[in-house]
Amino acid sequence: MKPRIAYRNLPQLFLKARECLMAHFRPILNHYGLTDQQWRILRSLDEHDQLEPREICSLCQIHSASMAGVLARMEALELIQRSRVAGDQRRVGVRLAAKGDQLVREMAPLIDLQYQLMEEAVGPDIFDDLFRSLESFIGAQSQPVRHVELPSTTPATAGAGAPEKPQVFE
């Protein structure tokens, strides 16, 4: 049977690649009792010192509705600390607490070694190409991309018949 969509399912491929990648790191995270989200936050705070929750959402790809709960649990575990931003009491800064900093310090050599083992297994060229390709793809998103014009009715309400050819709008 011929597929109805000509292009390969890129979001599904990204998800599969992410799961393949995380399979190498989850044993480390599990050993230290961390979730993927918690590790992404710890690593971002290690790289940026202090961030606001909205910045963490963006950097770590965590939905803002989940962020308050994740940060509350991490604060209760003494991995992070939150404080009001000087000069603007409405804003909150998040940084590594001593326990979170120690955890990153302990995990860093294991994470680096796992990356090294992966690079040795797939080859440095493929590893570098992957980083470059992903960075290029993300960087290209700053260019405007036109979107298809959506039909006025959905297939469920349109009744029988062939769908109209999609249009593109600016």
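The values are calculated or read from the model by the stated rules, or taken from the named source; none is laboratory data. If you're wondering where the values come from, they're calculated on a predicted model, not measured in any experiment. Using ideal geometry, Cβ is built from the backbone for each residue, glycine included, and neighbour counts are taken over all protein chains shown. Quick note on the areas: whole protein, heavy atoms, side chains included, nothing else; ligands and nucleic acids left out. Shrake-Rupley method; radii C 1.70, N 1.55, O 1.52, S 1.80 Å.
Details
- All conditions but one from (1) touching an Asp or Glu at 6+ places or on another chain (Cβ under 8 Å); (2) surrounded by 14 or more Cβ atoms within 10 Å (Cβ to Cβ); (3) at pLDDT below 95 apply to MET67; the one that does not is (1).
- Filtering the range 52-83 to residues that are under 14 Å from ASP36 (Cα atoms) and either of a type in the set (Val, Ile, Thr) or in contact (Cβ under 8 Å) with a residue 60 or more places away in the chain (or both) leaves ILE56, ILE62, VAL70.
- If you filter the range 18-33 down to residues that are among the aliphatic types (A, V, I, L, M) and within 18 Å of GLY100 (Cα to Cα), you find that the one that is least open to solvent (accessible area, probe 1.4 Å) is LEU29.
- Taken over the range 139-170, residues that are of a type in the set (Asp, Glu), at pLDDT 70 or above and more than 22 Å from LEU10 (Cβ to Cβ) amount to 0.
- Scanning the range 113-138 for residues that are among the aromatic types (Phe, Trp, Tyr) and either closer than 22 Å to PRO11 by Cβ or at pLDDT below 95 (or both) turns up PHE127, PHE131, PHE137.
- Selected residue (only one of LEU79, LEU10, LEU15 is surrounded by 14 or more Cβ atoms within 10 Å (Cβ to Cβ) and at negative phi): LEU79
- Exclusive hit being open to solvent by less than 40 Å² (accessible area, probe 1.4 Å), in contact (Cβ under 8 Å) with a residue 24 or more places away in the chain and in a helix (DSSP H, G or I), set LEU110, LEU103: LEU103
- Any hit, the range 34-51, residues being open to solvent by 60 Å² or more (accessible area, probe 1.4 Å), in a loop (DSSP other than H, G, I, E, B) and touching a residue at least 40 places away in the same chain (Cβ under 8 Å): yes
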